[in-house]
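Written out below as structure tokens is the structure these notes cover.
The values are calculated or read from the model by the stated rules, or taken from the named source; none is laboratory data. Just so we're clear, the structure is a prediction, and the values are computed from it rather than from any experiment. We place every Cβ from the backbone using ideal geometry, glycine too, and count neighbours over all the protein chains shown.
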Ligand code: OGA
Ligand code: NI
């Protein structure tokens, strides 16, 4: 029997208040400033979400305007050479957008197409094979089938595989999927992880320097062994006639410090900025990077973890690979003292990374409240 597993993972803080599919309207505009999408014509088949009956919505979404924009682009090569101007560009991008793209990463295009190919292979396995890698009790890693909401109204159209970053655990999972192992899959995944890890470390180092902090401030407690350190593969290949309330991936924020995403050429990713959803067009060879909850806490809300989601825009198959490396579970997460002042008091009480992830796993999809809010010092106490 198909398990009713929520494909939206505990690594991501769901935002049920905005989880419904919008009628995606591509725009040709590609300027950095978002421009409103024209209203739908009366020939459109589906109602504009702002005009849907409330029964058609999973929940009211006040952020229903979709626009398209290009994210700020940061040149990794320049950052590697300690280019001061590029570092400041990175800081501006994370402060203003919480999302940016990385160019000139030196990751060969060949490796990107190989990892996409391996994503297709693993999800093409028979269901019986994939479900052998279902997460064990208490474990976060494993295969997540498509899910339907408790009330059957909401469907999340992605399948996901959360591979552990710990090499031994990863190879155990690969044996669950293919009894005889899979050399090609293992080696491409290993090479990919090494490549994106280099990007992550460089970005975190440049960001710390750009904020005037110790360059190792964000990196010294990261661990491959953490349950939540994962390479998450997503596939959105549902070809059925979906309903307007179906999402590829529900609106959520990530629990990471920074998340590094490679998306295939089929669009669908949207980020929430101000009062709009902004569609992010895939660009070959660019990685999309976003601030996660942990960085928001450590920077005392100077950097904000941005809500994003995936919508189904066509019947083309979309895939993505998401690299998330978190701190070890006993690491105490708290705002960095240099970013706390009389004018900017600490917004959070200290907590362990483990407490955060446990809270996230048990509260997912429930009440639309960000998991971060559970750890925030309430304004009356601050
Ligand atoms: C995620 C995520 C976006 C995508 O897995 O957390 O946001 O494009 N994925 O698949
Ligand atoms: Ni995400």
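If you go through the stretch 253-267 and keep only what is away from ligand 2 (no atom under 11 Å from the Cβ) and not in a strand (DSSP E or B), you end up with 257, 264, 265, 266, 267. Residues that are in contact with a strand residue (DSSP E or B) (Cβ under 7 Å, 6 or more places away or on another chain) and in a helix (DSSP H, G or I) were ranked within the stretch 354-371; the one that is modelled with the lowest pLDDT is 360. Only one of the numbered conditions (1) touching a strand residue (DSSP E or B) at 6+ places or on another chain (Cβ under 6 Å); (2) away from ligand 2 (no atom under 11 Å from the Cβ); (3) modelled with pLDDT under 95 is violated by residue 321, and that is (3). Scan the stretch 305-332 for residues that are more than 14 Å from ligand 1 (Cβ to nearest atom) and surrounded by fewer than 23 Cβ atoms within 10 Å (Cβ to Cβ) and jot them down. Across the stretch 305-332, the qualifying residues are 314, 315, 328, 329, 330, 331, 332. Within the stretch 65-104, being out of contact with any strand residue (DSSP E or B) (no Cβ under 6 Å at 6 or more places or on another chain) and modelled with pLDDT under 95 holds for one residue alone: 70.
Residues that are in a strand (DSSP E or B), in contact (Cβ under 8 Å) with a residue 60 or more places away in the chain and buried (at least 19 other Cβ atoms within 10 Å of the Cβ) occur at least once in the stretch 87-99. Based on this model, can you work out whether residue 235 counts as under 30 Å from residue 334 (Cα atoms) and buried (at least 21 other Cβ atoms within 10 Å of the Cβ)? The answer is no for residue 235.
Entry remark, the stretch 178-219: residues being part of a loop (DSSP other than H, G, I, E, B) and in contact with a helix residue (DSSP H, G or I) (Cβ under 8 Å, 6 or more places away or on another chain) number 12 in total.
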